[in-house]
Amino acid sequence: GANVVITNYHVVHQAINVSVTFSNGTGYAARVNGTDPYADLAVLLVSAPEHEFKPLEIVSSSTLRVGDPVIAIGNPYGLVGSMTTGVISALGRTITEEYTGGFAIANIIQTSAPINPGNSGGPLLNYLGKVIGVTTAIVADSQGLGFAIPSNTILREIPSLITWGTYDGHSYLGVKGTDMDYETAQQTGVNVTYGWRIVEVLQGGPSDRKLAPEDVIVAMNGTTIKNGDDLASYLEENTLPEYVVTLTVWRRINGVWTETQVSISLGKRPPPPV
């Protein structure tokens, strides 16, 4: 098929004209073919001849481990074609941006490779030169904190972004909550100090009458959920809308905290704010 260019949504967000410049310095007009703010991804079509493209192979991010060496390539502060190295610092992080309407961009890779403004949209590579992510938002003024969208998200979304211009496969529980911790456990009397504690259940949403405020989610399909990052990342990596998931939940029943199983048919995230 035709070659496409993958970058971040925030790179093209509100851009009037888009162009792509190759490493040899030649620039061409481009247009945005597809976007997904919830994964900070965009696909561009470039009116450049075939010989300009040197495609990179995208491999699965499932095998990544903390400590794996990585390479980031980009144009930090306009310094074209800069390469930095580091390691994977953490997996399964979540970040939120002003354009996601409060929803998390889930299952993010955190890396120690120095990433600065202008790195966004560049590839994160393993030491074989294969793409394992797309570098993305940085925490302003951070030292040694870089983030990347994992390649599994890219591989899952690319066909849809190319064909339909959007991706609507982000599953949705329809709940708001907060990370569980030791202090909260002491206050409420529940004998679990991790998990994700429900604060609000969206009326008419997938969890309506299934979950309730104070419930603490500690596992999904048998996978431990330590916090909100775990919850969002599990949903992103392992589920799609309409999947049925089994949650392990601590719930106060007649004043007694009881561990119970709750099955929920996942919904679909509402479309991102324009």
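The values are calculated or read from the model by the stated rules, or taken from the named source; none is laboratory data. Worth saying up front: this structure is predicted, and the values here are computed from it rather than measured. Neighbour counts are summed over all protein chains in view; Cβ atoms, including those assigned to glycine, are modelled from backbone coordinates with ideal geometry. SASA here: full protein model, heavy atoms, side chains in, ligands and nucleic acids out. Shrake-Rupley method; radii C 1.70, N 1.55, O 1.52, S 1.80 Å.
The heavy atoms of HIS51 offer some 130 square angstrom of accessible surface to a 1.4 angstrom probe.
Between helix 228-238 and the chain there is an angle of about 60 degrees, using the helix long axis and the longest principal axis of the Cα atoms. Need the list of lysines near LYS210 for cross-linking: C-alpha distance under 29 angstrom, and skip anything on the same chain fewer than eight residues off. Partners within reach: LYS176, LYS226, LYS268.
Accessible surface for GLU50 stands near 130 Å², nearest 10, in the context of the full protein assembly shown (1.4 Å probe).
Residues SER19, SER82, ordered by accessible area of protein heavy atoms at a 1.4 angstrom probe radius and largest first, appear as SER19, SER82. Here the chain is treated with +1 on each Lys and Arg Cβ and -1 on each Asp and Glu Cβ, and its dipole about the Cα centre works out to around 220 debye. Solvent exposure of the chain amounts to 50 Å² per residue of accessible area, where only protein heavy atoms count and the probe is 1.4 Å. Surface composition of the chain: carbon and sulfur make up 53 percent of the accessible area, probe 1.4 Å. Put simply, the Cα atoms of region 158-209 extend 51, 24, 11 Å along their principal axes, the longest span coming first. Tell me whether the chain comes out rounded, prolate or oblate; compute the Cα gyration tensor, take square roots of the eigenvalues as a ≥ b ≥ c, and use a/c under 1.5 as the rounded threshold. Prolate. Within the full protein context, the accessible area of VAL256 is estimated at about 90 Å² for a probe radius of 1.4 Å.
Mean-square fluctuation check for the chain, GNM, Cα pairs under 10 Å: which of TYR182, TYR172, TYR234 is largest? Largest GNM mean-square fluctuation: TYR182.
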